[in-house]
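The values are calculated or read from the model by the stated rules, or taken from the named source; none is laboratory data. Everything quoted here is computed from the prediction, not taken from an experiment. Every residue, glycine as well, gets a Cβ built from its backbone with ideal geometry; the counts of neighbours run over all protein chains shown. Areas reflect the complete protein model, heavy atoms only, side chains present, ligands, DNA and RNA absent. Shrake-Rupley method; radii C 1.70, N 1.55, O 1.52, S 1.80 Å.
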Amino acid sequence: MTSRLSYNLAARWLAAFLAMACILLSLGMSHALGADPQAEIETALSGVDERTWEQVATNEGARDTRYDSNYSLINASGETWRQIRNRWVSTFGVIAIVGMALMILGFYLYFGSKKLEAPRTGRRLLRWTVFERTLHWSTATTFILLALTGLNLMYGKFVFKPLFGDGFWAPMIAGTKLLHNYLGPLFGILLIIILAKWLKVNLPRAHDLEWFKKGGGLIGKGHVDAGFANAGEKAWYWLLASAGLLVIISGLVLDFPIFGQTRDGMQWANVIHAVGALGLTAVALGHIYIGTVGTEGSLEAMTTGYVDETWAKEHHNLWYDEVKEHTTLPEHVDKGSFDEAASHRPN
Ligand code: HEM
């Protein structure tokens, strides 16, 4: 009963989230369709006449302070930025993402997925509330859409343009950019809520160092201690709290160029944004692997909210010790006859 109610609630949240994304997208698209290119040229290039073009052609008016080139006719630092983006940033992205995918494949082929050592007891512990799961999946969906559209902005022209031609590519990249621009701030809001909500369980503890030393249990014998979040999860959390926020801030600098940003500032923001986002996408592949095929029983934590007692004992022993009095059987989960608050958070 309770879980059906929870699913209804989650479904409603998800529907509201998708409706919000659709409204934002259609607002953006109607804005794009209603645009008047002639008026835009006049706004952007007011005061530009034949004499100006003569100056450009003869290089007479070219100025480049490099640090504030807003008003230069020819912006030489733009070429430097283009080189950095196309040669270095895009190469870094390919190495990071393809390299990570290959590492995960190698890891899986060598170690296989981590199965539970003891049999399941059937008793369950609440790990993530319906609000937390909705938050996680909304953030994850937004992140994946941003990653796909971002990759298309960086590499799409080498794939889709030659394959399907300009007629396909032009509307595709215009739509991609709109979606990317509108989803960015939404992701920012969701991520900030996640970071605030899960801060307490991700604060570093002495045993985290041991977890890293033992490679999360891969190196040496015996189990490694972990509380509600293990050190690997904490590293993912703090990466999102640092690089994730940097990507959001630099994205906002690019999204809203009306606060006096210089062109050079925007170029820097672009490089920071792309490097951070490509790096995060690579690490997210690792997170997705560990949360799905990599570890038996993890995905059900984020889909049903509950984990088996054996999973809790083997992966988060310190958390288990604190909440083990509050295990519940699946039928009690359905009836809601157990103490929710006590069962999922350590004191
Ligand atoms: C298909 C994609 C994804 C899958 C399958 C997935 C799966 C999971 C699972 C199973 C957990 C719970 C692990 C546990 O109970 O210990 C989890 C936790 C988490 N996920 Fe994801 N996830 C995905 C994408 C993402 C993305 C894109 C983000 C962020 C942008 C994200 C951020 C987090 C965070 C912050 C946690 C909590 C870890 C902590 O306590 O620090 N996830 N995820």
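From the list MET154, MET103, which residue is open to solvent by less than 30 Å² (accessible area, probe 1.4 Å), more than 9 Å from the ligand (Cβ to nearest atom) and not in a strand (DSSP E or B)?
On the way: MET103 fails: open to solvent by less than 30 Å² (accessible area, probe 1.4 Å).
Matching residue, one of MET154, MET103: MET154.
Would you mention how many residues in region 176-191 are open to solvent by 20 Å² or more (accessible area, probe 1.4 Å) and β-branched (Val, Ile, Thr)?
Adding up the residues that qualify gives 1.
For region 273-288, what are the residues that are over 15 Å from ARG87 (Cα atoms) and among the hydrophobic types (A, V, I, L, M, F, W, C)? First the steps, then the outcome.
Initially, region 273-288 is screened for residues over 15 Å from ARG87 (Cα atoms), giving 273, 276-277, 279-288.
Result: ALA277, LEU280, ALA282, VAL283, ALA284, LEU285, ILE288.
Pairs only if they're at least six apart or on different chains, beta carbon under 9 angstrom, first in region 208-219 and farther than 18 Å from LYS114 by Cβ, second exposed (fewer than 11 other Cβ atoms within 10 Å of the Cβ); list them, first residue then second.
LYS213/ILE219; LYS213/GLY220
Might you check whether a residue that is under 19 Å from GLY291 (Cβ atoms), at pLDDT 90 or above and open to solvent by less than 90 Å² (accessible area, probe 1.4 Å) occurs anywhere in region 84-99? Before the answer, list the steps.
Here is the first cut: in region 84-99, the ones under 19 Å from GLY291 (Cβ atoms) are 97.
Pick out the ones that are also at pLDDT 90 or above and you get 97.
If we keep only those that are open to solvent by less than 90 Å² (accessible area, probe 1.4 Å) too, we end up with 97.
Yes: region 84-99 contains one or more residues that are under 19 Å from GLY291 (Cβ atoms), at pLDDT 90 or above and open to solvent by less than 90 Å² (accessible area, probe 1.4 Å).
Please determine whether any residue of region 108-119 is free of Cβ contacts under 8 Å to residues at least 60 places away in the same chain, open to solvent by 30 Å² or more (accessible area, probe 1.4 Å), assigned to a helix (DSSP H, G or I) and more than 30 Å from TRP13 (Cα to Cα). I'd like the intermediate steps shown before the answer.
Within region 108-119, the first condition is being free of Cβ contacts under 8 Å to residues at least 60 places away in the same chain, and the residues that meet it are 109-110, 112.
Next, only the ones that are open to solvent by 30 Å² or more (accessible area, probe 1.4 Å) stay: 109-110.
Next cut, assigned to a helix (DSSP H, G or I) only: 109-110.
Narrowing further to those that are more than 30 Å from TRP13 (Cα to Cα): 109-110.
Yes, some residue in region 108-119 is free of Cβ contacts under 8 Å to residues at least 60 places away in the same chain, open to solvent by 30 Å² or more (accessible area, probe 1.4 Å), assigned to a helix (DSSP H, G or I) and more than 30 Å from TRP13 (Cα to Cα).
Considering only residues of region 128-147 that are part of a helix (DSSP H, G or I) and of a type in the set (S, T, N, Q), which is farthest from the ligand (Cβ to nearest atom)? Quick ask: steps written out before the conclusion?
Keep residues of region 128-147 that are part of a helix (DSSP H, G or I), which gives 130-147.
Then keep just the ones that are of a type in the set (S, T, N, Q); that gives 134, 138-139, 141-142.
Details: THR134: 13, SER138: 10, THR139: 5, THR141: 8, THR142: 8 Å.
Restricting to residues being part of a helix (DSSP H, G or I) and of a type in the set (S, T, N, Q), the top hit is THR134.
Looking at VAL159, VAL130 in this structure, which one is out of contact with any Asp or Glu (no Cβ under 6 Å at 6 or more places or on another chain) and open to solvent by less than 50 Å² (accessible area, probe 1.4 Å)? If you could, list the steps in order and put the result at the bottom.
Details: VAL159 fails: open to solvent by less than 50 Å² (accessible area, probe 1.4 Å).
Just one listed residue meets the conditions, VAL130.
If you take the residues in region 299-310 that are in a helix (DSSP H, G or I), buried (at least 17 other Cβ atoms within 10 Å of the Cβ) and near the ligand (Cβ under 9 Å from one of its atoms), which one is farthest from the chain's Cα centre (by Cα)? Quick ask: steps written out before the conclusion?
Quick first cut of region 299-310, residues in a helix (DSSP H, G or I) only: 299-304, 309-310.
Next, only the ones that are buried (at least 17 other Cβ atoms within 10 Å of the Cβ) stay: 301-302, 304, 309-310.
This time we only want the ones that are near the ligand (Cβ under 9 Å from one of its atoms), so: 301-302.
Working: ALA301: 20, MET302: 17 Å.
Going through the qualifying residues, I end up with ALA301.
Pairs, please: C-beta under 8 Å, at least 6 apart or cross-chain, first residue under 16 Å from HIS273 (Cα atoms) and without any contact (Cβ under 8 Å) to a residue 60 or more places away in the chain and in region 85-105, second loosely packed, with under 12 Cβ neighbours inside 10 Å and not hydroxyl-bearing (Ser, Thr, Tyr)?
none
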